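Asks: Before we start, here is the structure in question, set down as structure tokens.
The values are calculated or read from the model by the stated rules, or taken from the named source; none is laboratory data. What you see is a predicted model, and the numbers here were worked out from it, not measured in a lab. Heads up, the Cβs are rebuilt from the backbone with ideal geometry, glycines too, and the neighbour counts pull from every protein chain shown. Note: accessible area is taken over every heavy atom of the protein model, side chains too, but ligands, DNA and RNA are not part of it. Shrake-Rupley method; radii C 1.70, N 1.55, O 1.52, S 1.80 Å.
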Amino acid sequence: MLLIMVLVFSIAAVLLTMLIVSGQQLKVSPKPMIVINRTDYQIDYYELSTGEPTLVFRGMYDGSPVPITVSLFAFTPGKIYVVGYYYGSNGVVTVNLTGSLVMHIANKWLGRYGDLLWPSLIAFVTYTVGNKSWTVITAIPYDPSWITSRRPIYISITTHLDKVKPAILRPIMHAGSNVTNSGSGIEPTVITGGGGQSYFGYLYVGSCLGNSEVNNVANQIPTDAALAYWVPVQCDELEGPIPIMFIGWSQDAIQNSISYISIGDFAGTAQKGSGLYGVVNATDLLSPQLYSVYLVGPTITFNNNYNMYVYYGSFVGGYVNNEGNVYDIYVKYGSSTSSTLSGTVLTYTVPGQGFVYLGLYGNISYVSYEEYQLGQPMYEWANGTLPLSISPSEISGNDLFIYPGLDTGNGPITGMFTAILYSYYDYGQLPISLLDGYSYPTNKQCSNAPSAAQADSNQITYTLTSITNTYSPNPIGWAYLAGSLVAGIFLVGAPAWLSITAGSALTIIGMFIPTNLFNSNQFAFQASVTIAYTGPFYVTFLGTQQVSNGQGSQTLYPMGIIINETNYYLGVYSCQG
């Protein structure tokens, strides 16, 4: 307790000293109005009486300041921009947020969403020693109106670089004047074409690079120092669903064993301060054991409290047309695929295997950053997927709309499992958590599996819940599962893409990560799933984990289930919850 008090007063003293030197005064004592505390960084927001919106980065290693570079990026609802590259020899970098580019981006957000959502700045804070670098990837939520009104908001970002794994810096080998890495598989797959193609339920919009590497890197980072920084070399914008949960079934199960599957009792809340997350996989191709999975977010933060409702919708040009409230969803066997909305009941008929999923709709980016040193690309990549925006029509008053979707072989959940199975069968890696549940006629479920309620003589019911706690989530089981959602897109004609992450987690899509249940800022969605059966079946849960903190622990119900007729998923018995 004494140590905590000393640290608090030390930080306050440093802050006051800086403000006095700069001529700025606090309105009140230095108590932050917002605090975001992560294992590898902390962000403190202060409001001053004078000044302009400002970022101050601090690099710490084992409690001492170290020289840092900051690679700073911002995004509009559809583009990612390089804001600048900065160097702090004393471990401190200050960035004023009133430049024309940041002002343009803030106006884009205000024009589309008003005060409904906050975007984030993404910063790679890097410490370099010889041929090693340590990078903390931070997401810094901000109110765009702070920028446009030049409100005196002081944002302090303290990074703990000793909390992340180091990267080994080795330049890509050259032959003459040509880079020879084209056949090595380390470059991420590029989607070609000007947009309009569809991949597993996602519409390829085009490149989401708002600008290229800024030309004045040399002016901001000393060229005679071997300092590492990060450059976005590819960004593909995709429009489509951001699933929260799903239910899948095999062809034999829906034809022979399951009379219907129903999904209902929907409930959910997006509290002010909660948001959407992305995950980036940083990979060293020459030392795959050095890979690291970083949770990046929130990339989008809700600025109000919202109640969630399920609606049937059609999607046109990034907007959703709400066509009716849905209280119950039924899946039944039929000779052809169809969907019918009757009142508040949505019925899907399917002739074979498939998935029903529920989620948001918006724009996401598959983005690849490459680490540079002395102007040369290294073997270090940070590949991932970040939610850029959701459709403005998903919010009405205090309501946030969630949409169902059917995937019978060409949708986002199929894409996810395409990548998962590719990794499993080709590399023997299963980067997800499996937990086997109820089976009939003999129940062989894992002891730690969620219990099914016997709704009727031939019916069981589960409750699926998704909970994200703002500012303290962990990339546990579900992140690895969700990470394959977009990965499947890049398997189409380009399996070499997986060599980026072979032996590690797949590149991750932004998703809702279950974690500490007791945080006050939550994005939570719940539904009950009833399975009516006439024959044998097996239930497998995917992405389950147990979370705990000082107030206790609780097993979360998983976000995805698969129902098979003859065995558990992949034919293996697994209790990895």
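Asks: In terms of Cα to Cα distance under 27 Å, which lysines are near enough to residue 132, apart from those fewer than 8 places away along the same chain?
Replies: 163, 165
Asks: Here is a further query. Provide the per residue accessible area, probe 1.4 Å, for the stretch 330-376, rounded to a whole number of square angstrom.
Replies: Spelled out: the 1.4 Å probe surface of the stretch 330-376, per residue, equals 36 Å².
Asks: May I ask you to compute the full-extension gain from residue 442 to residue 304, defined as 0.36 nm times their residue separation minus their alpha-carbon distance, rounded to one decimal in nm?
Replies: 44.9 nm
Asks: Provide the solvent-accessible area of residue 444, counting protein heavy atoms only and rolling a 1.4 Å probe, rounded to the nearest 10 Å².
Replies: 100 Å²
Asks: Once the whole set of protein chains is in place, how much accessible area is left on residue 118, using a 1.4 Å probe, in Å² to the nearest 10?
Replies: 40 Å²
Asks: Top to bottom by accessible area (1.4 Å), largest first, where do 260, 46 land?
Replies: Ranked list, largest accessible area first: 260, 46.
Asks: Tell me which residues come under 5 Å, amide H to amide H, from residue 353 once H is placed; ignore anything under 5 positions away on its chain.
Replies: 251
Asks: Obtain the nm distance between the two label points defined at residue 336 and residue 132 by a simple spin-label model: each point lies 7 Å from its Cα along the Cα-to-C-beta direction.
Replies: 6.5 nm
Asks: Among the aspartates and glutamates, which fall within straight-line cross-link reach of residue 108, defined as a Cα-Cα distance under 16 Å, with same-chain neighbours fewer than 8 residues apart omitted?
Replies: 143
Asks: Also, I was wondering about something else. Ordered by residue, what ³J(HN,Hα) values in Hz, to whole numbers, does the stretch 262-275 give under the Karplus form 6.51 cos²θ - 1.76 cosθ + 1.60, where θ = phi - 60° and Gly and Pro are x?
Replies: 10, 10, x, 6, 6, 7, x, 9, 10, 7, 4, x, 8, x
Asks: If the cut-off is a Cα-Cα distance under 27 Å, which lysines reach residue 332, setting aside same-chain residues fewer than 8 apart in sequence?
Replies: 444
Asks: Rg and Dmax in Å for the stretch 30-107, alpha carbons only: what are they?
Replies: Rg then Dmax for the stretch 30-107, in Å: 14.1, 39.
Asks: Using a Förster distance of 45 Å, how high is the FRET efficiency between residue 570 and residue 47, based on the Cβ-Cβ distance and rounded to 0.05?
Replies: In this case the efficiency is close to 0.25.
Asks: Using a Förster distance of 51 Å, how high is the FRET efficiency between residue 459 and residue 223, based on the Cβ-Cβ distance and rounded to 0.05?
Replies: Efficiency for this residue pair is about 0.15.
Asks: In addition: If you plug each phi of the stretch 386-393 into the Karplus form 6.51 cos²θ - 1.76 cosθ + 1.60 with θ = phi - 60°, what whole-Hz ³J(HN,Hα) values come out, in order, with x for Gly and Pro?
Replies: 10, x, 8, 6, 10, 5, x, 6
Asks: Could I ask something else about it? Measuring from label point to label point, each 7 Å out along Cα→Cβ, what is the residue 344 to residue 148 span in nm?
Replies: Result: 3.7 nm between the two label points.
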